[in-house]
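One structure below.
The values are calculated or read from the model by the stated rules, or taken from the named source; none is laboratory data. Nothing here was measured: the structure is a model prediction, and the numbers come from that model. Note: ideal-geometry Cβ built from the backbone for every residue, glycine included; neighbour counts use all protein chains shown. Heads up: the accessible areas ignore ligands, DNA and RNA and are worked out on the full protein's heavy atoms, side chains in. Shrake-Rupley method; radii C 1.70, N 1.55, O 1.52, S 1.80 Å.
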Amino acid sequence: MSKHSEHKRKHDAQEKVSKKRSKHSKDKKHKDKAVKDVSDVTEVTEKITEKVTETVTEITEQVAGDVSKKEQKSKKSKKDKSKKKKHDQSSEKSESGSTESADSTTTSSTLHTDPDAARAFMKEQEISIADPTTKEILLPLLSFDDLPLPDKLTAGLRNFKQPTPIQAASWPYLLAGRDVVGIAETGSGKTVAFGIPALRYLNQLPKEKHPSIRVLVVSPTRELAIQTYENMRDLLAPLGLNVVAVYGGAPKFEQARAAREASVIIGTPGRLLDLINDGAVNCSKVGYLVLDEADRMLDTGFEQDIRNIMSATPNPLAGGQRQTVFFSATWPESVRELASTFLKDPVKITIGSDELAASHNITQIVEVIDDPRQKEYRLEALLRKHLKEIGKNGKVLVFALYKKEAARVENTLRRKFDVVGIHGDLSQAARIQALDSFKSGRCNLLVATDVAARGLDIPQVQLVINLTFPLTIEDYIHRIGRTGRANTKGTSITLFTPQDKGHAGELINVLRQANQTVPDELLKFGTAVKPKLNAYGARVADAPMKAATKIVFD
Ligand SMILES: Nc1ncnc2c1ncn2[C@@H]1O[C@H](COP(=O)(O)OP(=O)(O)OP(=O)(O)O)[C@@H](O)[C@H]1O
């Protein structure tokens, strides 16, 4: 072996040991160039078709070409070998036993991701993928650097170390244009999971003289719509496109005016439909549609609004170019059948248990209280103890069930504590003010109805107290999910009375699923779980979605 090749061998080995860190920035430059080349080609294509819905195969070929370009430039024989492997084995076989033969495989969208590391990640994070169209899966994307986007567009991710499991697992599919149902625990970064593919989609569209709505995100509550708007606005800022939030309780005229200049709308169903019906919002060019908190959106209350919104956008089942994405932490069977009517061959991606599951970052405590009239005394005692323990920087969120109850409890607590409240009887301005005060820490105690149960990402909520049990076990999961977010720890305390005994079985299952203590007093109510009804009042059948191949790495 010549001195030169010996030196090269050592150098390559060193690179491998240091996880290719030193060559990574070089690769990155090549990658950005290659990505740009690819996106130029795509742009031309899209001028003809408006949006290319890339199939997995197309993406595979595209990225194989991408790899090839890089490798030609680098002229390294070692890289050529690796390229061949990547090209030959561009996807993971899903049949049982595929894991053992997949030691050198990777996927189209994981250029830099080590397939072994990706499989280990799937196993560790309990990622399961069910795709009705193929027995092959795309491996997760383990680093932000693997995203097929120039660095300048992903600046918004720099605060995070790496993609969360739902981001890692859903991006390859979302970037390939597939419809996705993504189920992952509360506080696990689902907003960025659907936000980044929106960024990619918008970035590929030809520049428009007069903007039209291309991305639509539907949220169940005004506060969540505002929060998602802020997140999307920041994430999409490098594109220089307008993002608008439309929701009830605020002047329609201003929202309508802003919507005329916008490419992205985040909205609650009622106001969105209002604006669509007024002709102020035109959704006929929407190519990327997200139902956030999808199970809530498909619930009886919103079902008709969602049908109407969907029908104002291109219908993929009738040849329209719309990618449809559903995300939630809960996915009850009661909504699955309805969901499948809006989706085309959806890939279902689940992080963790396929059963109803609370975030494992939360310590769940259940106190059974025999006399419901004692609940509020107990609440006061809990607040005295925990507010002191938590200190000024921590926050406590108390959930009531009804608006009147929330208002009454807030007023009672005000005699002893600094407290704000949020519920549907308040004006929108008062709701926003209360939430701002809680978010900023000016007041560290909030009493809320389920209007604050879903999606809200409030820093440093250490404790959630369920003063009154919610109407559904899914709401319980979302309520307590206001704590223990983004890998932090939190606690929930639920005051459970004999009036709530119908929920005992489901609650026990949720506690057991998360390895939490089940108090004997709760067990006394029994462990039976009542059959659920779907949106039409019928008992939920078992096979709501198209049969799919499910891959679980265990
Ligand atoms: N890759 C990441 N690494 C660390 N934190 C992240 C990452 N992505 C997002 N986050 C943060 O995690 C927090 C929770 O994210 P997000 O609100 O999107 O959760 P979610 O899964 O939608 O929760 P929910 O089910 O309650 O709606 C946010 O503060 C967000 O900034």
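Observations on the model:
- Shape call, the range 362-524: gyration tensor on alpha carbons, a/c limit 1.5: prolate
- Cα centroid of the range 416-457 to Cα centroid of the range 468-538, whole Å: 23 Å
- Each Lys and Arg contributes +1 and each Asp and Glu -1, all at the Cβ; summed about the Cα centre of the range 362-524, the dipole is approximately 580 debye.
- Built amide H within the under 5 Å cut-off of VAL398, gap 5+: LEU446, VAL447, ALA448, ILE465
- Solvent-accessible area, 1.4 Å probe, carbon plus sulfur percent, for the range 309-445: 48 percent
- The slack in the chain from ASN277 to CYS443, taken as 0.36 nm per residue of separation less the alpha-carbon distance, amounts to 55.8 nm.
- Neighbour net charge for LYS252 - beta-carbon separation under 10 angstrom, K R +1, D E -1: -1
- Once the Cα-Cα distance is subtracted from the 0.36 nm per residue extended length, the ARG408 to LYS524 segment shows a gain of 38.7 nm.
- Cβ-defined net charge surrounding LEU413, 14 Å radius [Lys, Arg +1; Asp, Glu -1]: +2
- Listed pairs LYS209/LYS285; LYS375/LYS530; LYS161/LYS439 exceeding 20 Å between Cα atoms: LYS375/LYS530; LYS161/LYS439
- Trypsin sites (Lys or Arg not before Pro) lying in DSSP loop within the range 389-457, provided at most 16 other Cβ fall within 10 Å: LYS392, ARG415, LYS416, ARG442
- Sequence-distant residues sharing a close amide H with THR363 (under 5 Å, placed H): GLY490, THR491, SER492
- The range 226-294: chymotrypsin sites (Phe, Trp or Tyr not before Pro) in DSSP coil with no more than 13 other Cβ atoms inside 10 Å: none
- Loop-resident GluC sites (Glu not before Pro) (DSSP state other than H, G, I, E or B) in the range 328-392 with no more than 16 further Cβ atoms inside 10 Å of their Cβ: GLU355.
- Rounded to the nearest whole Hz, the Karplus-based 3J(HN,Hα) values (6.51 cos²θ - 1.76 cosθ + 1.60, θ = phi - 60°) of the range 353-361 follow the sequence 5, 7, 7, 4, 9, 8, 4, 7, 7, with x at glycine and proline.
- Amide H contacts under 5 Å for VAL347, placed H, 5+ residues apart: ASP179, VAL180, VAL181
- Distance-filtered residues of the range 360-383 - backbone nitrogen under 18 Å, label point 7 angstrom along ARG415 Cα→Cβ: 373-383
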